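To keep things clear, I will list the structure first and then write my remarks on it.
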Amino acid sequence: MLRIDFISDINCPWCALGLAALDAAIQQLGAETPVEIHCQPFELNPQLPAGGVKLKDYLQQKYGMGDAQIRSVHDTIAARGSELQFTFAEREFLWNSFDCHRLLYWAEQEYSAEKQVQLKRALMQAYQGEGRNISQTEILVDVVGQAGLDKHRAETVLASNEFTQEVRTLQQTWINAGISAVPSLVINRQHLLQGAQSPDVYAQALRDIAQQQNPSQ
């Protein structure tokens with residue numbers, strides 16, 4: 001069994017591509033290389049206000065991108081998404097994603113790594129695929145229900161500071177380990193893959209690591 005720590009942010013379109021590509025790679029591998037994904041928190045901008053900011057303004061101010069460059073990047077991301085059967089929404093706003101990370105932590109702690117990944121996919125679809133406000137409690141609770149988790153428990157988590165310190169500590173742990181860009185994949189806590197790679201690249205990397213782990217096979 002390979003452990004994959006998938007370090008990402010819901011706000012990152014490249015992370016949505018990375019997760020979709022990783023899912024496709026795992027399907028390619030089938031039973032030959034069993035894996036378990038653990039979603040790890042990373043915020044591209046922890047200072048985002050609860051009310052969000054206009055995505056266009058954010059990209060212009062943080063990266064100095066003009067309208068043509070923004071459109072070009074969006075088209076590139078959309079094309080990559082189409083190859084992976086993921087359709088991106090026309091996202092107008094960027095919202096704080098910290099509560100998403102708290103819910104993902106909760107899902108793993110009280111359910112399983114598999115349920116956590118189901119919630120991760122649902123959150124990615126909600127924001128990247130539908131442009132929904134992932135800082136709103138009502139929307140997050142709805143997404144939790146879509147992922148098959150307890151909506152009432154999620155409401156309790158969101159109404160409190162539960163798991164806040166745990167998520168902050170995890171984020172700092174990955175930063176201290178040298179993670180500064182997402183998506184980043186850490187396999188078996190030893191091997192690092194960065195960026196939204198193709199399914200074939202991910203699949204081959206996982207095969208190679210599995211072979212190193214079990215050279216007799």
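The values are calculated or read from the model by the stated rules, or taken from the named source; none is laboratory data. No experiment lies behind these values; they were computed from the predicted model shown. For neighbour counting, all protein chains shown are included, and Cβ atoms are generated from backbone atoms with ideal geometry for every residue, glycine included. SASA here: full protein model, heavy atoms, side chains in, ligands and nucleic acids out. Shrake-Rupley method; radii C 1.70, N 1.55, O 1.52, S 1.80 Å.
Can you list the lysines whose alpha carbon is less than 18 Å from that of K54, not counting same-chain residues fewer than 8 positions off?
Excluding near neighbours in sequence, the set is K62.
Under a Cβ-Cβ limit of 4.7 Å, which cysteines in the chain have nobody to pair with?
If one checks each Cβ against the other cysteines of the chain, C39, C100 turn up with nothing under 4.7 Å.
Pairs of alpha-carbon atoms within less than 8 angstrom and 6+ residues apart define the contacts here; what relative contact order does the stretch 1-128 have, in percent?
Reported relative contact order: 36 percent.
Among the trypsin sites (Lys or Arg not before Pro) in the stretch 120-217, which ones are in a DSSP loop with at most 10 other Cβ atoms within 10 Å of the Cβ? Mind listing them?
R189
Please list the non-local residues whose amide H lies under 5 Å from the amide H of H38, H modeled 1.01 Å from N, same-chain partners needing a gap of 5 or more.
I4, D5, F6
Could you give me the ³J(HN,Hα) list for the stretch 146-154, computed from phi with Karplus coefficients 6.51, -1.76, 1.60 and θ = phi - 60°, whole Hz, x at Gly and Pro?
Computed from phi, the couplings for the stretch 146-154 are 4, 7, x, 9, 6, 5, 5, 5, 4 Hz.
Whenever you get a sec, compute what percent of the accessible area on the stretch 37-175 sits on carbon and sulfur atoms (1.4 Å probe).
Carbon plus sulfur share of accessible area: 48 percent.
Please tell me the relative contact order of the chain in percent, rounded to the nearest whole number, where contacts are Cα pairs under 8 Å and at least six residues apart.
33 percent
Of S135, S8, S72, which has the most accessible area with a 1.4 Å probe, and how do the rest follow in descending order?
Accessible-area ranking of S135, S8, S72, largest first: S72, S135, S8.
Kindly work out what percent of the DSSP beta bridges joining two residues of the chain are antiparallel, to the nearest 5.
Bridges in the chain are about 60 percent antiparallel.
Identify all lysines with a Cα-Cα distance to K115 below 18 Å; exclude those on the same chain that are fewer than 8 residues away in sequence.
K151
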